[in-house]
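The values are calculated or read from the model by the stated rules, or taken from the named source; none is laboratory data. Because the structure is a prediction, the values reported are computed rather than measured. Virtual Cβ from ideal backbone geometry, glycine too; neighbours counted across all protein chains shown. Ligands, DNA and RNA are excluded from the accessible area calculation, which covers all protein heavy atoms including side chains. Shrake-Rupley method; radii C 1.70, N 1.55, O 1.52, S 1.80 Å.
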Amino acid sequence: MAGFCACEIDRLWDKDYLFEVVEPQDGVFIYDCSSYFDWQFFSFAEGGIIGSCDAKDSVANEEWRKRTDWDLAFHRQNIKTNSGVSGVGAGGVLKYPQEVFDFDAIMEAPEEGYLTDAPDSVIYDMSQMAAGNIGYAHTGLAQPLKGWAVLTDMMNGVWTYVQSAFIVRTADGKYAKVYLKNFKSDIGVSGTITMQYVYQSDGTINLDIKQSD
């Protein structure tokens, strides 16, 4: 229970010494995903969020599951792909194997090894936390992306991030490489995701694409 208390407190007292302010630009997605109640649906083709739904609304979630116009969905640091139990798309994700992390050195997407989403749950309601009751919403999650952001110092609100790239197979079978950089806003409050990405729109595995300035 203490951990859940700290998660809420950290939104007021966050101090992330690794945080760097990143201005919005091509290939960088910055978005407030702090809500425990909503899933935010992201499209690489559109370059942003195309809609949202309540995490406990089974009807709305089923409607999104049947859609193929989104590729990733965000609920705080939780992420799902349009695949497996989460969606009918051809999505999936894998952690890119590198001995030393180098995002720019990734030239091609692997053709195999993508995992589809598996059943899981996310925290939804902490209003009864003092009584020992935490509300959860059942959902699908991209298992390779679990733990990309971990609150390692609850008292000081310090998060640690996985220094790795992930390759996402989109809902329509295209590819993108992503680097989940942090979970902080530019004023140091948790809940804002910064994701660097390169999206290949032509359907090939080529990821050697230069972003425009």
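Counting only Cα atoms, the size of the range 89-212 along its three principal axes is 52, 31, 28 Å, in decreasing order. Of the GluC sites (Glu not before Pro) found in the range 83-162, the ones in coil according to DSSP and having at most 13 other Cβ atoms within 10 Å of their Cβ are 99, 111, 112. Taking amide H atoms as placed 1.01 Å from N in the peptide plane, the amide H of residue 48 lies under 5 Å from those of 43, each 5 or more residues away in sequence or on another chain.
Phi angles across the range 118-126 convert, under the Karplus curve 6.51 cos²θ - 1.76 cosθ + 1.60 with θ = phi - 60°, into 3J(HN,Hα) values of 10, x, 7, 8, 10, 5, 10, 9, 10 Hz, Gly and Pro given as x.
Rounded, prolate or oblate, given the Cα gyration tensor of the range 75-115, with a/c below 1.5 counting as rounded?
Oblate shape, in that a/c is at least 1.5 and b/c is the bigger or equal ratio.
The overall shape of the range 34-163 is oblate: from the C-alpha gyration tensor, with semi-axes ordered a ≥ b ≥ c, the ratio a/c is 1.5 or greater and a/b is no larger than b/c.
In this structure the range 40-194 gives 44 Å² per residue of accessible area when probed at 1.4 Å with all protein chains present.
Among 199-210, 137-148, the peptide with the highest mean count of other Cβ atoms within 10 Å heads the list, and the full ranking is 137-148, 199-210. Dimensions of the range 125-198 along the principal axes, based on C-alpha atoms and rounded to the nearest Å, stand at 46, 30, 18, largest first.
Judged by the mean number of other Cβ atoms found within 10 Å, the most tightly packed of the peptides 59-65, 76-82 leads the ranking 76-82, 59-65.
Phi angles of the range 140-145 translate, via the Karplus equation with coefficients 6.51, -1.76, 1.60 and θ = phi - 60°, into HN-Hα couplings of x, 9, 7, 4, x, 8 Hz per residue; Gly and Pro are given as x. Taking θ as phi - 60° and the Karplus parameters 6.51, -1.76 and 1.60, the scalar couplings of the range 64-76 work out to 5, 4, 7, 8, 10, 9, 10, 10, 10, 9, 10, 9, 6 Hz in sequence order, x denoting glycine and proline. Amide H to amide H, with H built 1.01 Å from N, residue 96 comes under 5 Å of 165, 166, 167, counting only residues 5 or more places away or on other chains.
List, in the order given, every pair from 146/177; 56/181; 181/210 whose Cα-Cα distance in the structure shown is over 22 Å.
Result: 56/181 exceed 22 Å.
Packing, as the average of other Cβ atoms within 10 Å across residues, places the peptides 168-176, 50-58 in the order 168-176, 50-58, highest first. Here the range 110-213 is treated with +1 on each Lys and Arg Cβ and -1 on each Asp and Glu Cβ, and its dipole about the Cα centre works out to around 160 debye.
For residue 120, the amide hydrogen comes within under 5 Å of the amide hydrogens of 139, 140, 141, counting only partners 5 or more places away or on other chains and with H modelled in the peptide plane.
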